[in-house]
Structure formats: C-alpha cells, structure tokens
Amino acid sequence: MARKMKIRAWDNGKNTSIKAIIFHPMETGLRKDKKTGKKIPGHYITEVNCEHNGKNILTCLWGPGVSKNPFLSFDFNGAKKGDSVKISWVDNQGKKGGSTAKIS
Amino acid sequence: MDTSRRIILKAGMAASTLAVAAGAGLLVPNTVYAAWPAKAFNATKLDVAMNAMTGKDKPVASADITVDAPDIAENGAVVSFKVKTTLPKVESISVYVPVNAFPLSASYILSNQMETSITGRIKMAKTADVVAVVKSNGKLYTAKKGVKVTLGGCGG
C-alpha cells in the first residue's frame, strides 16, 4: 500500500466527528485488463472496524461496490478530547491495515 | 435435439465458470471471514441480497430515513451518499444499488454510541436508485433516492 490511511477525529461541540479515507484499489473482479483480456482479480476491503478507547463503535461490511479509496464519515457520542479512535480494515486477500487518531 | 446432452453441457459450463471465479479470488470462502456475509455480497439480485443480509421480512418505506445523493452523478465510480435516520435503536444501515452486478454495496453495524448518520462513496453502474435499509428495533425500514449517472461527464 503506497499511502497510509488518514483519520480525522474532532470534537464538534455536540459529539465527535470522524472522517477517514483508506487508500485501496477496491477492484471489483469484473473488470478486464485491456492488454491481456484477462479478468483483474477482485481486491476489495470486506470489513472495517472503528473503535473508541478499545470499544467497538461501528463495523462496516463492504463489498466491491464501494468506491476506490473508500471514504467514511460519521458522528458518535460518549467521547472526549484526547480519546483515541482506531480504525482497522481487512480485505478479501487477507491484507490488513489501520490507523489511530486522537480526538482534537 | 437430445435434451439430456444440452443439460449436461450447461451444467459443465456452469461448473467451470465457478472454478474460474474461485481461482481468481472472486468467491471468498465463508470460513475466512466468518462475519462477512459472503452470500449477501455475492448475490446478483436485489431481493436475494436483501434476504441474505437482513432476512425475509420486507422493509417498510419510511419517511424517517433520508438518503442524500446527487441528482446527477457525472462519474458512476464515485457517488457520495449520506443515509440519515431519526428511527430509534438503529442496529444496522445497508446500502444497495439494484442495477449493480452485486446490488449490496455496504452494510454498517452501529453500536449505541453512534449518531444514526453514515456518509460514504459507492459505485453505480448506471442511472438507478440508491436504496437504504435500516434495521431499527428489530424491524426493517427503507428509503431511496434516484441518481442519474452520466458516464463521461457530458451532462447527459
């Protein structure tokens, strides 16, 4: 993976906002390589876990229909500034990634 | 024509297609990711995907769900959406695009800490509805938003 994922977590006055982008090809497995005519194998994120201080807040189940370099944004309650938010993912080829951010 | 021969031919073709798909990593064995509902994501029909994801109950149309998406998307590969609901006790939000090869795009399982609003980006094969199904208090509700997809960005 060339670029690491990005997470922004901040206190929006009411609760906590999260914005995250994961750099991933999200290949559907349906496209064909124009030169060889062979199908490009599917390569997409299947599961994303979001944790606040070690507690799961959101699980995303994704298929190949999610856009390349997936973007995710949501708000959640019960956190304060300085708390940590961890987002980790796994794809259909068993590759894993993730990152953590502090709520600012 | 000898019909039994036809049937055998067809069966053989179907089997070899499956083998190719499995070899290319298209079909993810259930055992690898127990939590990932392969059946729902591999379904090619909307109702099959919905049944596999949230069960046989038919979702009821609800005005308490809003699906935000552009009226016109110039690039079907990246369509932003926002699903928001005021329904209580939301357990999951699933997003479908009926015309896609695999209609189920994404499903989000929410804990009780979550605000019931999710933003993301999905692919759309062509002009269609973005369908959201929300599981609230054990029941299913749905709402949709039509998106016109104009490939090539000519403004259709």
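Quick check on segment A:68-92: of everything there that is within 27 Å of B:A125 (Cα to Cα) and aromatic (F, W, Y), which residue is farthest from the other protein chains (Cβ to nearest Cβ)? The selected residue is A:W89. The set of residues from segment A:61-82 being under 9 Å from B:A106 (Cβ atoms) and of a type in the set (F, W, Y) comprises just one member, A:W62. When the criteria are applied in full, A:G65 meets the requirement of being within 7 Å of chain B (Cβ to nearest Cβ), under 17 Å from the mean Cα position of the chain (by Cα), within 25 Å of B:Y96 (Cα to Cα) and surrounded by 14 or more Cβ atoms within 10 Å (Cβ to Cβ). The listed residues are A:T59, A:T100, A:T46, and the only one of them that is of a type in the set (S, T, N, Q) and either more than 7 Å from chain B (Cβ to nearest Cβ) or not in a strand (DSSP E or B) (or both) turns out to be A:T100.
Among the residues of segment A:68-84, those identified as under 16 Å from A:K6 (Cα atoms), touching a Ser or Thr at 6+ places or on another chain (Cβ under 8 Å) and either surrounded by fewer than 23 Cβ atoms within 10 Å (Cβ to Cβ) or not aliphatic (A, V, I, L, M) (or both) are A:F71, A:S73, A:F74, A:S84. Where strands (runs of 3 or more DSSP E) fall wholly inside segment B:95-156, the ranges with 3 or more residues that are farther than 15 Å from B:V78 by Cβ and either polar (S, T, N, Q) or within 13 Å of the chain's Cα centre (by Cα) (or both) are B:104-110, B:128-136. Checked against the criterion of being of a type outside the set (K, R), facing chain A (nearest Cβ under 9 Å) and buried (at least 24 other Cβ atoms within 10 Å of the Cβ), segment B:127-134 contains not a single residue that satisfies it. For segment B:106-120, a tally of residues being at the interface with chain A (Cβ under 7 Å from one of its Cβ atoms) and without any contact (Cβ under 8 Å) to a residue 24 or more places away in the chain returns 7. Residue under question is A:I18, and the condition is that it be more than 8 Å from chain B (Cβ to nearest Cβ), closer than 15 Å to B:L104 by Cα and modelled with pLDDT of 95 or more; does it hold? So A:I18 does not fit the description; no.
The values are calculated or read from the model by the stated rules, or taken from the named source; none is laboratory data. Treat the numbers as computed from the prediction; the structure is a model and nothing was measured. A quick note on method: Cβ atoms are made from the backbone with ideal geometry, for glycine too, and the neighbour counts reach across all protein chains shown.
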